[in-house]
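Chemist: Once you've had a glance at the structure underneath, I'll fire off some questions.
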Amino acid sequence: MRKHKHELRAFRRTEIWAALLIGVVALGVATAQAHKGTKPSSPPGLPDHVSRLAIQLYGQDLDDSEDITNEIQNLVVGHLEKWLANRSPSGVQVRREIERVFSKLRYPAFAQAAVFEEPWKGENLIAAGYTLGWSDIWRRNVVVLFANRNGHTQKIALTTFVPRTDLHYVILPPSAKGDFRFIIYGSRLGKSNPRLTTALYSFDGQNLKSSWETRDLFDGKLSLQGDKLVLSYLKEDEFIRDTAEGHYPPRYQVTYTITPQGLALEGEQVIPY
């Protein structure tokens, strides 16, 4: 009888160990299958590396930041080139990847992705841009243009736009020669009101060029109205004088017609407050 109980306990222990072993094997197989079906994203150490570099920007002004921001730019752009090489991603996926790369930044450092995806001459053009900031006024911008065709993506151009602003795009119709055209614009903080900078870019398949620009429009605003590009702004000296007297100054509005050749000035007008 004792021998039978001993054998029964031994058999139950064997069953328990067997069940545990089966569970461990099943978990390992499931994990391996999950990893097999997932493409690698940003390298595990890249967000930490970018964060460690960004910490060195704290307290630095823009003129002293170039070495560090260039190193971050090289890391981010180099990673995006490898990550995009054999992909045909959506703009949303590119945005998320940029956000992952900067996901370990700590206040006051921050990064904002700015992405578009547009068809052009049988390719998809992807702008992978970001604003890297470490205070309310110190910011640097990078925009990388990629071309995607038949499942492969390569870098074709890069611009840094202007410092201190955020980053936005307006896509325009192609030029008379078929060049891809878009506007980059952004605002920087001023003493009282933001200041708008805009630039028109064109890409001919080889080179990315800026052909028109306005800078630092006081309280500037941009809108696209059909084939019209409308910029409105205040004059800073009038704003200071009139608000000191208890009333607001007029706004100035400049309208451009978007033509195949470029932006044609249509007119200017004063809009009373």
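The values are calculated or read from the model by the stated rules, or taken from the named source; none is laboratory data. Please read all numbers here as calculations on a predicted model, not as lab measurements. Every residue, glycine as well, gets a Cβ built from its backbone with ideal geometry; the counts of neighbours run over all protein chains shown.
Chemist: Here is a check on your reading of the model: is F161 modelled with pLDDT under 95, hydrophobic (A, V, I, L, M, F, W, C) and surrounded by 13 or more Cβ atoms within 10 Å (Cβ to Cβ)?
Modeler: yes
Chemist: Take the stretch 185-214 and flag every residue that is of a type in the set (G, A, S) and part of a strand (DSSP E or B).
Modeler: The answer is G186, S187, A199, S202, S210, S211.
Chemist: Sticking with this one: Which residues, taken from the stretch 219-243, are in a strand (DSSP E or B) and either under 23 Å from the mean Cα position of the chain (by Cα) or closer than 22 Å to V142 by Cα (or both)?
Modeler: Listed by number, the residues that qualify are K221, L222, S223, L224.
Chemist: Ok, one more. Identify, by number, the condition in (1) under 17 Å from D227 (Cβ atoms); (2) surrounded by 20 or more Cβ atoms within 10 Å (Cβ to Cβ) that I171 doesn't meet.
Modeler: Only one criterion is unmet by I171, namely (2).
Chemist: Cβ contacts < 8 Å: first residue touching a residue at least 24 places away in the same chain (Cβ under 8 Å), restricted to the stretch 229-251; second residue part of a helix (DSSP H, G or I) and of a type in the set (F, W, Y), any location; separation 6+ or different chain. Result?
Modeler: From the stretch 229-251, the pairs are Y248/F239; P249/F239.
Chemist: Give me the helices (runs of 4 or more DSSP H) completely within the stretch 1-89, filtered to those with at least 2 residues that are touching a Leu at 6+ places or on another chain (Cβ under 9 Å), modelled with pLDDT of 50 or more and of a type in the set (A, V, I, L, M, F, W, C), ordered by residue number.
Modeler: Passing ranges, in order: 46-55, 66-84.
Chemist: Tell me, please, whether a residue that is at pLDDT 95 or above, aromatic (F, W, Y), crowded, with 17+ Cβ neighbours inside 10 Å and over 21 Å from R139 (Cα atoms) can be found in the stretch 211-218.
Modeler: no
Chemist: I would also like to ask the following. Would you confirm, using the coordinates I've provided, whether T255 is over 30 Å from E66 (Cα atoms), in contact with a Gly (Cβ under 7 Å, 6 or more places away or on another chain) and either in a loop (DSSP other than H, G, I, E, B) or not hydrophobic (A, V, I, L, M, F, W, C) (or both)?
Modeler: It is true that T255 is over 30 Å from E66 (Cα atoms), in contact with a Gly (Cβ under 7 Å, 6 or more places away or on another chain) and either in a loop (DSSP other than H, G, I, E, B) or not hydrophobic (A, V, I, L, M, F, W, C) (or both).
Chemist: Let me ask something additional. Looking only at residues that are of a type in the set (D, E) and closer than 14 Å to F146 by Cα in the stretch 89-120, which one is nearest to the chain's Cα centre (by Cα)? Spell out how you get there, then give the answer.
Modeler: We begin by selecting, within the stretch 89-120, every residue of a type in the set (D, E); these are 97, 99, 117-118.
Next, from what is left, pick out any that are closer than 14 Å to F146 by Cα: 117-118.
Values: E117: 12, E118: 15 Å.
Residue satisfying both the conditions and the ranking: E117.
Chemist: Regarding R195, is this residue at pLDDT 95 or above, among the basic types (K, R), buried (at least 18 other Cβ atoms within 10 Å of the Cβ) and closer than 26 Å to W138 by Cβ?
Modeler: Yes, satisfied.
Chemist: Here is a further query. Could we say that S223 is touching a strand residue (DSSP E or B) at 6+ places or on another chain (Cβ under 7 Å), among the polar types (S, T, N, Q) and in contact (Cβ under 8 Å) with a residue 40 or more places away in the chain here? Walk me through it before giving the result.
Modeler: On the way: touching a strand residue (DSSP E or B) at 6+ places or on another chain (Cβ under 7 Å): yes; among the polar types (S, T, N, Q): yes; in contact (Cβ under 8 Å) with a residue 40 or more places away in the chain: no.
Answer is no for this residue.
Chemist: In addition: For the stretch 176-192, give me each residue that is within 18 Å of N141 (Cβ to Cβ), free of Cβ contacts under 8 Å to residues at least 60 places away in the same chain and not aliphatic (A, V, I, L, M).
Modeler: Y185, G186, S187, R188, G190
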